[in-house]
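What follows is a set of notes on a single structure, which appears directly below.
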Amino acid sequence: MNQAIQEQPGTKVADHSAYSPGLEGVIAGESALCQVDEGAAGLRYRGYAIGDLAAWSSFEEVAYLLLMGRLPTGSELEEFSTWLIGNRMLPDSVQRFVERLRPGLHPMDVLRTGVSLLGLNDPDAQDGSHEANLRKSMRLLSQIPLLIAGSYRIMTGKFPRKPDQTRGFARHLLHLVAGQKDGETGAAMAEAMNVSLILYAEHEFNASTFAARVTASTLADLHGAITAAVATLKGPLHGGANEAVASMLVEIGSPERAEAWVREALLNKRRIMGFGHRVLRQGDARSAIIQRHAERLSQLCGDSRWYEMASTIHRIMREEKGLHPNLDFYTAVAYLLMGIPRELSTPLFVCSRITGWCAHVMEQQDHNRLIRPRALYRGPAPRAYEPLDRRT
Ligand SMILES: CC(C)(COP(=O)(O)OP(=O)(O)OC[C@H]1O[C@@H](n2cnc3c(N)ncnc32)[C@H](O)[C@@H]1OP(=O)(O)O)[C@@H](O)C(=O)NCCC(=O)NCCS
């Protein structure tokens, strides 16, 4: 054992041999929400293969599954969807916050503050019961798209689009952030958005979910836990990667430049955003699903440059590094084709992941044990204190 590590009398002895930098491979809790399955399914939400959910479900069904624990019946889904539509509104003080935003702020910073403000205004703010947390979760699901889209449009000098009570979640989100296109292309975009929301909804103990669970484990309130999660998701090693991929594609500019660009980036030891994963070392099953939608959209939109650039980068990363694209890579292509502003890529991730986060907060608090691991001390050995007047 490292000489510098000394347990205080009465302190439970830590297992220092279990130390794993970045908690890699560590089982940090139990969950019934999501199974990362290196087999054919790739990933399961409450037992259902992600491919089946993406092929057959609406995002609302998946949200219900994560929050309530099972797939809804037809009437339950209708009731749930109607409730979500009926709550498409922001409290006055949050609306005023949105209207006073200055240009140039990052939407994820606005969202982090906005979620915290929604917590102050939630009618169940003082109630931490499971039922109240469920109502708070459902309100956030309805409010976050309005917060994201409204604030972005104000910051870019436009009027927010009005909520529309006739559209389901994915179509409504597209309407708010990009405007809805007509015809086959519009339908394909709505379908791709629905699928991307399903794929982003839940992913076990990723960094932002873990941040939410740590916060929830102190019995802090749900909005506090979600605020921590939003702050954590922003980083480019996590949710911020989808925006970083879009920025990379825009920087590359044309398919002819992609190969030289990525080879030079690798020579300079740069990380290529949208590749690699802490857990999914053999590839991310979600990537192939969204890739198909990105390819279809590029054909329907008559704009293949983003998809071609992405295919070239994909090939070179496989050949040179043996790394696979993660969900963020082709999602960025799909979002660019939908006309979604780059800075809204990570906030859109939140519109979906809010379901997984909230389900984890409730699961944590329903079976709570404070999350409080130990650190491996690497600091100075014990030493005598020198009073200020004797220090040189
Ligand atoms: C996701 C990520 C943080 C996982 O990191 P990790 O588990 O800590 O993996 P490591 O940092 O140990 O990487 C292992 C090796 O692959 C390389 N690598 C990992 N991801 C890479 C990437 N995107 N581009 C280039 N090289 C990469 C590392 O440089 C390292 O190589 P080395 O052993 O020669 O030093 C990492 O893959 C990454 O930064 N990806 C880009 C950001 C991203 O897409 N994030 C979204 C994740 S869903």
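Readers should treat all values here as calculations from the given coordinates under stated rules, not as data from a laboratory. Not measured: the values here are computed from a predicted model. Note: ideal-geometry Cβ built from the backbone for every residue, glycine included; neighbour counts use all protein chains shown.
Computed values, structure above
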{"item": "Lysine pairs with alpha-carbon atoms under 26 Å apart, the chain, spacing 8 or more or separate chains", "result": "8"}
{"item": "Descending semi-axes in Å of the chain, equivalent ellipsoid built from Cα gyration tensor", "result": "35, 29, 22"}
{"item": "Span-like helix ranges in the chain, DSSP H, alpha carbon extent 27 angstrom or more, Kyte mean at least -1.0", "result": "130-155, 345-366"}
{"item": "Theoretical gain in end-to-end length, Y19 to A40 [0.36 nm per residue, Cα-Cα removed]", "result": "4.5 nm"}
{"item": "Cβ-Cβ FRET estimate between H367 and L71, R0 fixed at 25 Å, reported to 0.05", "result": "0.65"}
{"item": "Proportion of all alpha-carbon pairs of region 214-363 beyond 29 Å (%)", "result": "21 percent"}
{"item": "Added length on full extension, which subtracts the Cα-Cα distance from 0.36 nm per residue, L267 to E131", "result": "43.6 nm"}
{"item": "Q282/T156 FRET efficiency (R0 56 Å; Cβ-Cβ; nearest 0.05)", "result": "0.85"}
{"item": "Ranked list, fewest to most other Cβ atoms within 10 Å of each Cβ, for F205, F329", "result": "F205, F329"}
{"item": "DSSP-loop trypsin sites (Lys or Arg not before Pro) across region 41-107, with at most 14 other Cβ within 10 angstrom", "result": "R70, R100"}
